[in-house]
Amino acid sequence: MNKLRILLLALAYACFWALFVLFPYPSNVVPESYTSYDAAPVFASSVVTLVTMALSGGVLVALRDGLAERVAGSTMAVVGSGAALLACGAALIVSAHIGAIPLWLMVAYPAIMAIYGVVAAVALAGASRRLSSRDNAVVLALSLFLSFLIGEAIVALTDPLPTGEISNPLMPALGGVFLVILGRLGRSDSEPPSPPRPASSLSGRAAALAAAILLCYLLGSGAFMSLSSVARGETWFSDGWIHCAVALGLYPAFCLCAFAAWRQGRAGYPWLGFFILCIACLYCTALLYAPLAVLCRALILPSRPMAIMLLWVAVQEGMRARGLPWWQSAVVAPMLTVAVDCAIHAIGLVGLSSAQMDSVVNAVMLITAFVMTLGMLWFVRLRLDGADPARSGYLAGAIDVSAVIAALVDEHGLSEREGEVLGLLYRGNTQKKIAERLFLSVNSIQTYAKSLYRKLGVHSRQELIDMVNEAVDKGDRAR
């Protein structure tokens, strides 16, 4: 049953990435998008999506963990928001055939898509907590290849229809189906308790640096796609067969790299490999754009879903390393992606002559590559596994502490909230600071602290710190 759960979660993630890589409207709603890139409706859609996501995230923060837990386990939330997305998409298609699309409908669609995206993201993050770190790595790597296959299948099946290309909203809604099935499996089978919260494979600083590098790449590569599309009067997905060929080679290779890195315990290798690949791609684009524009765009386009997926992981890892609630990454990562989209499509609104385009594209590619190179060198300095040697007395760094804390949670039967409090207490946070970070009262933190002290058999913070340090030392000696 665990293999089936892994497959379903990978399929749900695969459809989730479509929210960030597909054209936001069905093709016949903005028909000029298939003959030339029109940034105006895409930019407006991205702004509406970002604002709605921010408001949805604010509601989750205001109501704290309770609402996020209910959304993560609610079939009705996924079904309701997914049905609203499909209904609004159908209304857009019908209105386009009639010839008059109301403005409120053009605004409502990205807003509903944003709400569905937040619901799906929280559900995905909640389902991922049930899996081990190994299984999560398998899920995320596999989701990229599945996303490509599902997208191509939907395009092939819907292309003859008079509605035009409707991967969005069909593909995101299909992800909701997989989430519903996954939720039913979780409630119906009688499996042992889920594994403890997996340890972060990156320290907080390394995760933040990785996220910054990925955001830089998404912005630079997206600016290139936007500018080149405007200059040549084409869409992002023109000459799709070259893009497909690159994707068919790139995604399986990334999966194999991720699996090999996990088996060897080299958590930083997939990150470093992706950064090197992107930097090389940016330099090649700067050199070859004028004579081989189609090839350059085909190289850039398949790499963007990989960057979006890794950004999701980097935000999760960073927040986990800092002991923040699990659901916050499910809101922050999509918002960062949409914010980058807003900036990209705003760049597409800038009018440039064809004579200026080559120089601008070269500048964008070279600046992005240079900034990413500096970030990658700093990432290497953090020893690939996320440990900062300047702040650690041992080579394993923060990942060992996180692993030890996860083992203590499992061994002593601590709740997830007690595990979060344990990690924050060990890192020197006061109870008031912990209450602020977890959005709880000080009295609640005191209750959790007393409970975990009792379960661990310690009587003070110093005894707790000594217990964790002793476990870390034992792990070092066992290596």
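The values are calculated or read from the model by the stated rules, or taken from the named source; none is laboratory data. Given the structure is predicted, the values throughout are model-derived calculations rather than measurements. No Cβ is skipped: glycine too gets one built from the backbone with ideal geometry, and neighbour counts run over all protein chains shown. Remember, those area values only see protein heavy atoms, side chains included, never the ligands or the DNA or RNA. Shrake-Rupley method; radii C 1.70, N 1.55, O 1.52, S 1.80 Å.
The residue of segment 295-313 that is nearest to residue 271 (Cα to Cα), among those that are small (Gly, Ala, Ser) and out of contact with any Leu (no Cβ under 6 Å at 6 or more places or on another chain), is 303. Every condition in (1) modelled with pLDDT under 75; (2) among the polar types (S, T, N, Q); (3) over 30 Å from residue 294 (Cα atoms) holds for residue 415 except the one numbered (1). Considering only residues in segment 152-190 that are under 20 Å from residue 94 (Cα atoms) and not in a helix (DSSP H, G or I), the one that is modelled with the highest pLDDT turns out to be 166. For segment 322-333, the criterion of being touching a helix residue (DSSP H, G or I) at 6+ places or on another chain (Cβ under 9 Å), under 19 Å from residue 366 (Cα atoms) and hydroxyl-bearing (Ser, Thr, Tyr) is satisfied by no residue at all. Residue check: residue 82 meets all listed conditions (1) touching a Pro at 6+ places or on another chain (Cβ under 8 Å); (2) surrounded by fewer than 21 Cβ atoms within 10 Å (Cβ to Cβ) but one, namely (2). Of all residues in segment 51-69, none satisfies being in contact with a Pro (Cβ under 7 Å, 6 or more places away or on another chain) and open to solvent by 60 Å² or more (accessible area, probe 1.4 Å).
Every listed requirement among (1) modelled with pLDDT of 80 or more; (2) more than 30 Å from residue 303 (Cβ to Cβ); (3) surrounded by 15 or more Cβ atoms within 10 Å (Cβ to Cβ) is met by residue 90 save one, (3). Among the criteria (1) under 23 Å from the mean Cα position of the chain (by Cα); (2) modelled with pLDDT under 90, the one residue 96 does not fulfil is (1).
When 352, 408, 336, 366 are checked against the criterion of being more than 27 Å from residue 54 (Cβ to Cβ), out of contact with any Ser or Thr (no Cβ under 9 Å at 6 or more places or on another chain), open to solvent by 40 Å² or more (accessible area, probe 1.4 Å) and at pLDDT 75 or above, a single residue qualifies: 366.
Among the residues making up segment 278-293, those that are farther than 17 Å from residue 310 by Cβ, free of Cβ contacts under 8 Å to residues at least 40 places away in the same chain and in a helix (DSSP H, G or I) are 284, 287, 288. Say whether the condition of being crowded, with 17+ Cβ neighbours inside 10 Å, closer than 24 Å to residue 334 by Cα, aromatic (Phe, Trp, Tyr) and modelled with pLDDT of 70 or more is met by at least one residue in segment 225-241. Scanning segment 225-241, I find no residue that is crowded, with 17+ Cβ neighbours inside 10 Å, closer than 24 Å to residue 334 by Cα, aromatic (Phe, Trp, Tyr) and modelled with pLDDT of 70 or more, so the answer is no.
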